[in-house]
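Here is the structure we will look at, set down as structure tokens.
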Amino acid sequence: MSVAHNPAHPDGENASLHSAISANGVPVIGEQYQVAPRCGVAVSVKAGQQLTVINTHGTQVCDFWAFASDDTNEYLSMHHLHTALNSVFPKVGDRLVSNLRRTMMTIVEDTSPGVHDTVIASCDHQRYVDLGCREYHDNCADNLRMAMMAIGERIPVVPAPFNLWMNIPIASDGSIQWLAPVSSAGDCMTFRAEIDSIAVMSACPQDMTPVNGDDCVPVELHFFVQN
Ligand SMILES: [Zn+2]
């Protein structure tokens, strides 16, 4: 007998479940927070506020999602974004839209060379099983689920993430490669919320392909919110 899949329920557990920045995800303005290695954190960002994500070491991919604060059935959608931007590579000034085609955020700063990914699904339990893992492996899908649970939220689906600094070149024949980020230590991206949103960041725990650097060692990220 098969068990119904619950999109809000993680396949395992890590510190993401107990490391919320506050009970409801509301940040102290200007305070810098850590996304611990292999973990995820949710943060509430009001319309007009700016969220800055820092690639502390330059080698770390951040799986990034945003949900409408008043209804998590509306979320940042990479598929709708591709249509809105006529591109799979968002850049400064671009508006990031939801699955209802509403602008949720605008990219206002990117100090990196601008190499990010919008086509690859988050790593999840089955991805690591497929790669040969025999035991539970930290993964971005569960980090998202746990980060939302940690602030009292449940998600209806694991949306395709905006993979900050993930270097997935797409060749003219449609084939892709999994390469290390080209960003530098301290590179940051800043997003202005256009509606009240909950953003979630996962410091991707992928250590079986070199997306988090050629040494395959996942590390931490940082972030802060400003008015
Ligand atoms: Zn991941």
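Laid out as a table, the results:
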{"item": "Qualifying residue in region 7-25 (condition: in contact (Cβ under 8 Å) with a residue 24 or more places away in the chain, among the charged types (D, E, K, R), within 16 Å of the ligand (Cβ to nearest atom) and in contact with a Cys (Cβ under 9 Å, 6 or more places away or on another chain))", "result": "no"}
{"item": "Enumeration of residues in region 121-154 that are among the hydrophobic types (A, V, I, L, M, F, W, C) and without any contact (Cβ under 8 Å) to a residue 12 or more places away in the chain", "result": "V129"}
{"item": "All strands (runs of 3 or more DSSP E) inside region 60-169 with 1 or more residues being surrounded by fewer than 22 Cβ atoms within 10 Å (Cβ to Cβ) and more than 14 Å from the ligand (Cβ to nearest atom)", "result": "62-68, 71-75, 95-97, 103-110"}
{"item": "Whichever residue in region 180-218 is open to solvent by 30 Å² or more (accessible area, probe 1.4 Å) and within 16 Å of the ligand (Cβ to nearest atom) and, among such residues, is nearest to P27 (Cα to Cα)", "result": "V217"}
{"item": "Test for A199: is it under 12 Å from the mean Cα position of the chain (by Cα) and in a strand (DSSP E or B)", "result": "yes"}
{"item": "Selected residue (criterion: surrounded by the most Cβ atoms within 10 Å (Cβ to Cβ)) from residues of region 7-42 that are over 20 Å from D138 (Cβ atoms) and in contact with a strand residue (DSSP E or B) (Cβ under 7 Å, 6 or more places away or on another chain)", "result": "G25"}
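The values are calculated or read from the model by the stated rules, or taken from the named source; none is laboratory data. What you are looking at is a predicted structure, and each value in this text was computed from that prediction instead of being measured. Methodologically, a virtual Cβ is constructed for each residue, glycine included, from the backbone with ideal geometry; neighbour enumeration extends over all protein chains shown. For accessibility, only protein heavy atoms count, side chains too; no ligands or nucleic acids. Shrake-Rupley method; radii C 1.70, N 1.55, O 1.52, S 1.80 Å.
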